Structure formats: structure tokens, C-alpha cells
Amino acid sequence: KKQAMIRNFSIIAHIDHGKSTLADRILDSTGAIQEREKQEQFLDKMELERERGITIKLQSVRLPYRAKDGQEYILNLIDTPGHVDFAYEVSRSLQACEGALLVVDAAQGVEAQTLANVYLAMENDLEILPVINKIDLPSAEPERVKQEIEDVVGLDASDAVLASAKSGIGIDEILEQVVEMVPPPDGDPDAPLRALIFDSLYDSYKGVIVYMRVVDGTVKKGMKIRMMATDTTFEVTEVGAYTPHPVILDELSVGEVGFIVASIKNVRDTRVGDTITDALNPAKEPLPGYRKVNPMVFCGVYPVDSSDYEDLREALEKLELNDASLSYEAETSTALGFGFRCGFLGLLHMEIIQERIEREFNIPIITTAPSVIYKIFQTDGTVIEIENPTLMPETQKIDHVEEPYVKASIMVPNDFVGTVMELCQNKRGNYVDMKYLDENRVNIVYELPLAEIVYDFFDQLKSSTKGYASFDYELIGYQTSHLVKMDILLNGESVDALSFIVHRDRAYHRGRILVEKLKKLIPRQMFEVPIQAAIGHKIVARETISAIRKNVLAKCYGGDISRKRKLLEKQKEGKKRMKSVGNVEVPQEAFMAVLQID
Ligand code: GTP
């Protein structure tokens, strides 16, 4: 029976512990990739991902594997993203599996983010197979890491495979364990179709390609299907799987993983976590766990050149096709003109989208500082939620303000406990708990305002712990905070795109540092430009950018021609990311300056 020969699994690993390398090895050893088409790290498709060394889009690969028992198995390896911003996508891809390899670097040990994903896997009742990777490293301590997996994760690590993805050690052993220990999928082949969407991808020829795992029943070409959460129907035009090349199949039945194409024009109709059913013979209940992911971080995205507005809208539309967790809506700024308010899962997600707009769509953009959603309780008894600081009502209309808080777990070596606590304290954190995981590692738990995390918390954490800290957070709800809106005035005009919300106690400090920063970032103009920070009508800080003196220009335009060209090019370069605000030229960096003022 086919179902008994299927094994669906994924790989859980902390960034850099070797997930992609191992996946490649597995593809190699099952003969999935021919030598000539081999491309380093096949699963990480996008160029951007490779550069950043992270996995964003989920992919699944179907691999035929002849096991030592002489039987031919179908292994479906489902890739998961590795970053804290993409926890929901990870949870859906894990739900599509019966097992997971837990890859731990033999020199680094277990990291906080790995733990979060292991817990997700446990919640989904997956069989977790520990793999200790990089045993070829001189600093490898496989026995210590095994012990750590038992102590920290609570898994039996006595059978953990000692592997080196780089040198190809332990790969067969891993595949044998997958066949032996990961249970085959158990769905009902005769029940109405239920398939779990764990990813989708927009293709300009075929429309949306939906990656899914069949849980019950069968899906085939010509079938009318319905997405249960979005309640939309389509006719299946193609069914297939990646090997890793796409191959067309007659059908996908119970337990199988693959893709369908159904003339779907919009990825919003194919939400990750939604259930596909047979429109004519629908399932009674959708698969559990569907949740519409809500963006947590927002920022304004504006074209540098306002004639790019329509292109930018199209770019966002296309990106949204591939990314259901991205949201956007039109907004207008007095300073920046027509643009969009975009919502993201987190800062990394935001950076990725910004880069893709510029690289894939070639649209220079200006982004404003990220904000979270604040709840404003007004004196008239109404509550509004704002994701743009400029929408904050006047002080006298506000009763109190609440902001989102997260529970953050930070795992660090002993030596950095003091540093991390100081950082969290600085970020308005409330200490919750601290646990020693072994004699040299500590898990520190703090409640922190999401807004502080959104600013450069992660970077500061990394730099203050020499990169040793690992970090994970979850939203825990809203708490009252004494927050005020800080406005920035250039040349006497309030620039809405520079406004931000800040805790009362830090307002003066941040205001002062920010105007100093802006003074450095905004180039000198032909006239003097005062920069002011204000809370309500009260100016809390002021700096002045002095005017360009004529002889400075004269100097530039004299001299040799190559120098002049270089200067012009530099100016052109600079122009791309400048925006005229009133009559002041403001560079992109100025809009993000608020992120780096602690
Ligand atoms: P993300 O895609 O960012 O999640 O990282 P990853 O977990 O996929 O890690 P990746 O496979 O990219 O490996 C990270 C680094 O570790 C690369 O430089 C690999 O060459 C290296 N690496 C992976 N496996 C091994 C191994 O077994 N031994 C050694 N020495 N290095 C390894």
C-alpha cells in the first residue's frame, strides 16, 4: 500500500547549524539531483535568501528512497523557515509532517529559537530525531550536546545520529531512522478530501501554485475544490510534486505532499493553514489550527519618485501574492506624498520586503520607521487602534494608551547575564525568570514592549553578547504605558513621516539624540534649516543645519574632470534615496534614524 511507504518530515535547526547543507546531502544521496544540475543549497531558492543565509519560502521535495529493507519509500522533505518572524509558517509546515530531524551544531549546542520550533513539533506530535551535525569540527562536543538535548529539550538522544553534512557522514543513517521511526501518514483514503496548505507561490503563467499535504481523500485534475477558510472554489488544472523538478502526477492521495494549480489569481485565496476540500463532497470540519496571521510591525513605504506609485502598488500586490503575511493599504503623508502602510510579521520580514521591492522591481523607496499597533483609550470612552504615529489624537483627548508586550526568552552563556539584563532593563523590560540550563548556559525571560524589540534590540543583543545570545519572543497582550507622540519639525514644518511614539521618560533623551542625528544625516541646503523635536506644542530639542557657503560649491566644480564626475555620480546615487520634504532634501536614513538612538 502506497500510504505505508510515505514518510513526511522536516528539518528543525537553528540558523547556521547546517539545515541547508544537510538537505542537499539528502537530495544527493537519494539521487534526486543530477550532478550537472546541482546547485549549492537547492532548497533556498531566492538569491536574497542565499545572501542572507536564511530560509524564507517553504519548499517540499519528494524523494524516492530504497531503504536497507529493500523497499522503495517516498520521502517528502518539507523545508521550514528558520527565523522567529515566521513561526506560524513553521507550525503549518510541521503540521504537514509526521517527523522532524532536529539538527544541532555539535560545537554550539541547543539555541532558544531551536527550542521554540521543537516545542511546535511536539505540539504537532511529531517524532523528533536528534541529529548532531558538524562532528568534523575540532571544537565538536557531541557527548555534551547529546546531554544538553536530553536536559534542555527533554528528548532521548541516545540514538542521535552523529553527522557531518559537510563531509557526508551519517546521511544514510539519518534516512534509515526516518524510514524506521517516523510513522507513515494515517489519513482516511475514502473520506472527503482534506488537504493542508502550507505554502503557495505566485507564478505568472499558471497563477498560484499551492503547496499542500493531503490528509484525507484524493485530489486530482478536473476536481472542483474549495478553500474552507476563505470560502472560494476553483477547478484543479494540474497536480504534481517537486523531485525537486516539478513533475505532473495523476493525483495526490492520502499522506502525499505536492502542489496543485487551479487558475487561482490571488494568494489571498490560498491562506497558509487553510484546508482544501472537495467542493462537491466537502469535509465537515477543516483541519485544526488555521489562523489568519496578523502583522505586528508597520511602516510607511513611499516611492522616491512619485511617478512610481502605480508600479509600487503592483509590486506590493505581487509580493502579497507570495506572502499572505504581508499586508498593505494606501496612505498619504504630507511629507512623502502617496504611499502605503505595510504590515509585517517582524523586522526581518520588513527588511526582506524592502529589499525585494528595490531589487526585483527596481523601485527606489523611502520607508518610515516601524511602528506597532497602539490602543488609544480616549476620554470620550472610545478606543482606537493606530499603527501610524501620526494618527495619535491630541493629548487632551487621550485617557490612556496601551502597547503590545512580548515575552522574550534569551539564551546566553553565563558571562553575559549581566549585559543582557542591563539591555532588557534599558528597553523597559520586566524581569520574569532566569534558569540555568547547564553550568554555563542561562535562559533569561523578560517581558518587553514590542516597540522596543522592533527597534534595534536584536542587533544590540547580538553585539553585546558577541553573537552568542539567541532570542525568541511571543506576543502576550497589551499593557498600559505612558506614551507620547514626538513630532519632528524641519524648517518649522512638522514632518509627519518622522513622528514617532515614545515613552514619556525617554522622550527628552530620544528627541535630543534624534535631532543631533538628523543634523548629521540631512545634507546642507542653500538655506539654514532648523530641526526641532516637539511633544504637543512644546519644543524639547533643537539643532540647526547651517547653509551651504558658495565657496564650497566652487571648490567642487573646479579641479580635474574625473573628480567632478565622481562627485556627480555620488550625487546621483544620493538622489535615488532622497525625498524633498517641503523644500528640504531628506535622505532615507533620516526616516530610519529613530531606530538607532539608544
Ligand atoms: P539557514 O539556512 O540560515 O537556516 O542555515 P542552515 O541551518 O541551513 O545552515 P547551512 O546549511 O547554510 O550551514 C551553515 C554553515 O555551516 C555553512 O557555512 C556550512 O558550510 C556549514 N556546515 C554545515 N554542515 C556542516 C558540517 O557538517 N560541518 C562543518 N564543519 N560545517 C558545516
- Can you find, among Ala262, Thr275, Leu316, the residue farthest towards the positive end of the dipole of the stretch 260-416? Put +1 on the C-beta of Lys and Arg, -1 on that of Asp and Glu. Thr275
- Item | Helix 417-426 vs. the chain, principal-axis angle (Cα, 0 to 90°, nearest 10) | 50
- Helix 112-123 axis, angle to the chain major axis (alpha carbon atoms, nearest 10°): 40
- Message: I'd like the distance separating the alpha-carbon centroids of the stretch 114-134 and the stretch 189-210, in whole Å.
- Response: 26
- Query: Going 7 Å from the Cα of Glu474 toward and past its Cβ, which residues in the stretch 420-453 have a backbone nitrogen under 15 Å from where you end up?
  - Reply: 445-448
- Item | For the stretch 306-440, size of Cβ-based charge dipole, Lys and Arg +1, Asp and Glu -1, in debye | 300
- Item | Estimated FRET transfer efficiency when R0 is 45 angstrom, pair Thr332-Lys466 (beta carbons, to 0.05) | 0.50
- Message: At 7 Å along Cα-to-Cβ for each site, give me the label-to-label distance between Asn414 and Ser263 in nm.
- Response: 6.8
- Item | the chain - Rg (one decimal) and Dmax (whole number), Cα, Å | 26.6, 85
- Task: Determine the dipole magnitude for the chain: charges of +1 sit on the beta-carbon of Lys and Arg, -1 on that of Asp and Glu, nothing else is charged, the reference point is the Cα centre, and the result goes in debye to the nearest 20.
- Result: 2760
- Query: What list of whole percents do you get for P(r) of the stretch 278-322, with Cα-Cα distances grouped in 10 Å bins up to the one holding the largest distance?
  - Reply: 18, 29, 23, 18, 11, 1
- ³J(HN,Hα) across the stretch 172-180 via Karplus (A = 6.51, B = -1.76, C = 1.60, θ = phi - 60°), whole Hz, x for Gly/Pro? 4, 4, 4, 5, 4, 5, 4, 5, 6
- Query: Leu102's amide H: which non-local residues (gap 5+, or another chain) put their own amide H closer than 5 Å, with H modeled 1.01 Å from N in plane and none for Pro or chain starts?
  - Reply: Ile12, Leu129, Val131
- Query: Looking at Pro130, Ile78, Leu348, which one has the Cα that reaches farthest to the positive end of the dipole of the chain (charges on Cβ: Lys, Arg +1; Asp, Glu -1)?
  - Reply: Leu348
- Message: Report the Cα centroid-to-centroid distance between the stretch 462-476 and the stretch 271-288 in angstrom, as an integer.
- Response: 38
- Query: Over the chain, what is the mean sequence separation of C-alpha contacts under 8 Å (at least six apart), divided by residue count, expressed as relative contact order in percent?
  - Reply: 10
- Item | Unsatisfied cross-links (Cα-Cα over 29 Å) in the set Lys318/Lys375; Lys68/Lys146; Lys206/Lys292; Lys220/Lys292; Lys292/Lys517 | Lys318/Lys375; Lys292/Lys517
- Using 7 Å Cα-to-Cβ label points, what is the Tyr431/Glu394 separation (nm, one decimal)? 4.4
- Arg66 long-range amide H proximity, modeled H, under 5 Å: Tyr73
- Task: Please list the non-local residues whose amide H lies under 5 Å from the amide H of His400, H modeled 1.01 Å from N, same-chain partners needing a gap of 5 or more.
- Result: Phe377
- Item | Size of electric dipole in the stretch 351-400: Cβ of Lys, Arg +1 and of Asp, Glu -1, about Cα centre, debye, nearest 20 | 20
- Note on the structure: For Lys435, the aspartates and glutamates lying under 12 Å Cα to Cα, once residues fewer than eight places off in the same chain are dropped, come out as none
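No value in this document is a laboratory result; all are computed from the given coordinates. What you are looking at is a predicted structure, and each value in this text was computed from that prediction instead of being measured. Note: ideal-geometry Cβ built from the backbone for every residue, glycine included; neighbour counts use all protein chains shown.
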